[in-house]
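Contents: one structure, followed by commentary.
The values are calculated or read from the model by the stated rules, or taken from the named source; none is laboratory data. It should be emphasised that the depicted structure is a prediction, and the values quoted were computed from it without experimental measurement. Cβ placement follows ideal geometry from the backbone for every residue including glycine, while neighbour counts extend to all protein chains displayed. With ligands, DNA and RNA removed, areas are computed over all heavy atoms of the protein, side chains included. Shrake-Rupley method; radii C 1.70, N 1.55, O 1.52, S 1.80 Å.
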Amino acid sequence: MRLINLALTAALSLTALTAAATDSQPRKDTFTAGSGTFLLNDEPFVVKAAELHYPRIPRPYWEHRIKMCKALGMNTVCLYVFWNTHESEPGVFDFEGQNDLAEFIRLCQKNDMKVILRPGPYVCAEWEMGGLPWWLLKDKDIALRENDPRFLDRVKIFEEAVAGQVGDLTADKGGPIIMIQVENEYGSYGEDKTYVANIRDMLRELYPDVTLFQCDWSSNFTLNGLDDLVWTMNFGTGANIDEQFRHLRELRPDSPLMCSEFWSGWFDKWGANHETRPADEMIEGIDEMLSKDISFSLYMTHGGTNWGHWAGANSPGFAPDVTSYDYDAPISESGQATPKYHALRRALAKYMPKGQKQAKVPAAIPTTTIRPFTLTEVAPIFANLPEPVKSADILTMEELNQGFGSLLYRTTLPAIDESSLLTVDEPHDYAQIFINGQYIGTLDRRNGDRQIRIPAVNRGDTLDILVEAMGRINFGRAIKDFKGITDRVELTIDRDGRPFTCDLKGWQIYPLPDLYEFYTSLTYQPLADNPADTTGRSPRGVYRGTFTIDRPADTFLDFGTWGKGLVYVNGHPMGRIWEIGPQQTLYMPGCWLKKGQNEILVFDILGPHDPLVQGRKTPELDKLLVARPLTHREEGDTLDLTGLAPILEGTFAPSNGWQEIELGQPFTGRYLALEALNAHDGGDRAAISEFYLLDQNGQRLSREPWTIYYADSEEVDRKNCSGDKIFDLQESTYWRTVKGNPFPHTIVIDLGATRTITAIQYLPRMEAEAPQSIRDFRVYLSDEPIKK
Ligand code: GLA
């Protein structure tokens, strides 16, 4: 009997043990796309996601930012995985510290937030090369985001490494990850569904029980949409929401609806106005979506910072992004609640699940000032050149196995007894030219600069080209963005009226990598031994100094007296600075400062006017100091279209969405003028979001070589509505004329070369009723520059 009892007790305790183990095991969830709604454990679930990027937030502040999102009333965090921060060299992975993706996701779960994972491989996100590692470009011919095995094999290795970190954090295994995104907006890059299917298959194998989805724009999602994936739309505040989902509803009437990127604001570029978007438009949009049970992710809810060299650049053209990724988001770059935050929180209060209240807003992180201090030492760059690489031909930065930073290209010149034309093909991205150490001028890729006149030179004179790389392009076909000088350098002289060009050879190339260890290895001298030049600038070089603080707290380091370069504090890469603005201060998180002495390094490739820094309590993100106008019309210019016959006259429809109008026959020319005669709303302004031309085969012409030759009126005072916005590949930005300037409004595109065209495609603004949309118009095409 006793024996039996014992056995029973043992059996019971075994059951108890098993039950305890089950209880302590995380709850497993199902998350699926049901009919008209997402289903979490078979119950309708509206995703209210906050987009946050862990590499853009100092790790000690991760949980603070997640709690800020939770307190808004969000139920999910949506995040990209940034390949290039995790795999700095092929096969060398880092998932620690700032890169501890799994820990970030666990913190989301701890705060009762679901997670949407967007592991690329391409992410865009205004991040260096859209998240792709630069070393892919060591193979010059690699096809990125295509079915090239050289690309796909690397993607597979990366995705497996990510799954190794987060594979057990999916909802079906008790983790918070409810959905995983396949690629990113592929429709605005290519139409190769087999490539997208390859990425889908990789992810499906790694995460067999997770709902996979694709995001894109409403205008092009069918280009890459796969039948077995959930489709979601990306669009910005102010957009006509019903219109954005119209096509999806037609194709899949039962699909759950989700705006996977609802852009709360926008990103800033060097040399352009600071971007903001009105809070009320964001809130109206969210209110409309939630009242219709439409899921959303607010991109960005908190943008954070592009530390170090991680800011990307946009194209067509070259428009490098600033260091701050504040994005005019509800939570500021430094994690403060903005008025937009409080307004949004009020709006989201009414959509809390029954019986639940929004969490408390966490206390703000304290801020402080730092008294002005001077950096007292400098390592002038020309006195600190490392061993050069010798090469007959120009080599790119990638060919030199360098990812980031600058290069100095040096060669000797032949004797030329007159001024000649130096062509740098192409300078990526900011090239300063020197002869025998004397500064001659700058070629700035943002302006398409490639040529500069140099004075007469003697045989053996030294030509130096100091090229600083900015972020690699993160959007469009131009992501294959080599740095340094990409091809060749030539000199052209005039011999008896005929140009005579010679290819410069025999280079010594000095690597100046953006590495803290490189900067600290230089030889520093007291600043006092290095007086400023006649322009008032101290030498180009790395500046070093210290500052002391009693109580570390967040601050904004002011670089208003500096030129252009990169900053490190206590070894942390803080980001790029550039005197042209609009960003003038760098966010300095208190968690990376120390009580007592702190070290600061600034590599200034122009040289500062005064090597002075101070910490401010608030950021300066809105001080543009550019010498060049942002417009495309010289004072007094008026376009003269007389003598040109229109190749097309017509009327656009008053609605949102793309419109295509055929020319009836092919026409050939280089300068295309679109003359808007009036607007549907009867006002005096015209606006265009995007514009394409079709060739003889009905294909869109590449807009890479396009520039704006003329625009009669452009709203650039505080806004970025210049003419080039019609081909910036962004449907939410637009060209708009200035209020009070009467019709007609004309914009002229230089197509870069003579082209044959058969149709135009026009996209008005995406807001309801397509504000300022053009009614009657004429199109002209000329081979010669049109007189102005
Ligand atoms: C797109 C991309 C994002 C980001 C935004 C603009 O939607 O998917 O990564 O680049 O544009 O901020």
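General remarks:
- Gain on full stretching of the segment that runs from K390 to C502 - 0.36 nm per residue minus C-alpha separation: 38.4 nm
- Restricting the trypsin sites (Lys or Arg not before Pro) of the stretch 412-516 to loop positions (DSSP other than H, G, I, E, B) with no more than 16 neighbouring Cβ atoms within 10 Å leaves R450, R459, K505.
- Computed FRET value (nearest 0.05) for T618 with T412, which takes r as the C-beta separation and R₀ as 60 Å: 0.75
- Principal axis analysis of the Cα atoms in the stretch 109-166 yields extents of 46, 25, 17 Å, listed in decreasing size.
- Measuring nothing but how far apart in sequence close Cα pairs (under 8 Å, 6+ apart) lie, relative to its length, the stretch 629-788 scores a relative contact order of 44 percent.
- The stretch 493-534: projected area of the alpha-carbon convex hull, averaged over directions, in nm²: 6.9 nm²
- Listed residue (A163, V210, G174) projecting farthest to the positive dipole end of the chain, Cβ model: G174
- Listed by number, the DSSP H helices of the chain that run 30 Å or longer by alpha-carbon position along their axis and have mean Kyte hydropathy of at least 0.5 are 2-24.
- Relative contact order of the chain, taken over Cα pairs closer than 8 Å and 6 or more residues apart, is 12 percent.
- Of the GluC sites (Glu not before Pro) in the stretch 378-466, the ones in a loop by DSSP (not H, G, I, E or B) with at most 14 other beta carbons within 10 Å are E418.
- For the chain, with all protein chains in place and a probe radius of 1.4 Å, 49% of the accessible heavy-atom surface sits on carbon or sulfur.
- A straight line joining the Cα centroids of the stretch 589-610 and the stretch 756-788 runs 49 Å.
- Ellipsoid equivalent to the stretch 233-362 - semi-axes via the Cα gyration tensor, in Å: 27, 21, 12
- Based on alpha carbons, the Rg and Dmax found for the stretch 462-612 are 19.5, 71 Å.
- W658 - accessible surface, heavy atoms, 1.4 Å probe, Å² rounded to 10: 80 Å²
- For the stretch 330-474, projected area of the alpha-carbon convex hull averaged over all directions, nm²: 15.8 nm²
- Fully extended contour minus Cα-Cα distance, from E160 to L677, at 0.36 nm per residue: 180.5 nm
- The chain - mean residue ellipticity at 222 nm from DSSP helices (-39,500 (n - 2.57) per run, n ≥ 4, rounded to 500): -4500 deg cm²/dmol
- Loop-located trypsin sites (Lys or Arg not before Pro) in the stretch 35-73 (DSSP state other than H, G, I, E, B) with a sparse environment of at most 10 neighbouring Cβ atoms within 10 Å are absent.
- For the stretch 537-603: Kirkwood Rh in Å [reciprocal of mean 1/r, alpha carbons]: 12.4 Å
- Spacing of the two label points (7 Å from each Cα toward its C-beta) at I142 and D227, in nm: 3.4 nm
- Size check on the chain: the Cα extents along the three principal axes, sorted descending, read 119, 69, 49 Å.
- Accessible area in square angstrom per residue, the chain, 1.4 angstrom probe: 40 Å²
- The label point for T520 and the one for N436, both projected 7 Å from the Cα toward the Cβ, are 4.0 nm apart.
- Kirkwood-based Rg to Rh ratio, the stretch 72-123, C-alpha trace: 1.03
- Here the convex hull built on the C-alpha positions of the stretch 225-306 has a volume of 123 cubic angstrom per residue.
- Computed from the Cβ-Cβ distance with R0 of 30 Å, the FRET efficiency linking T754 to T535 stands at 0.10.
- Here the extension length gained between E43 and T651 equals 214.0 nm, from 0.36 nm per residue of separation less the Cα-Cα distance.
- Normalised per residue, the volume of the convex hull around the Cα set of the stretch 33-79 (Å³): 84 Å³
- Using a Förster distance of 35 Å, the FRET efficiency for S291-K173 (Cβ separation, nearest 0.05): 0.55
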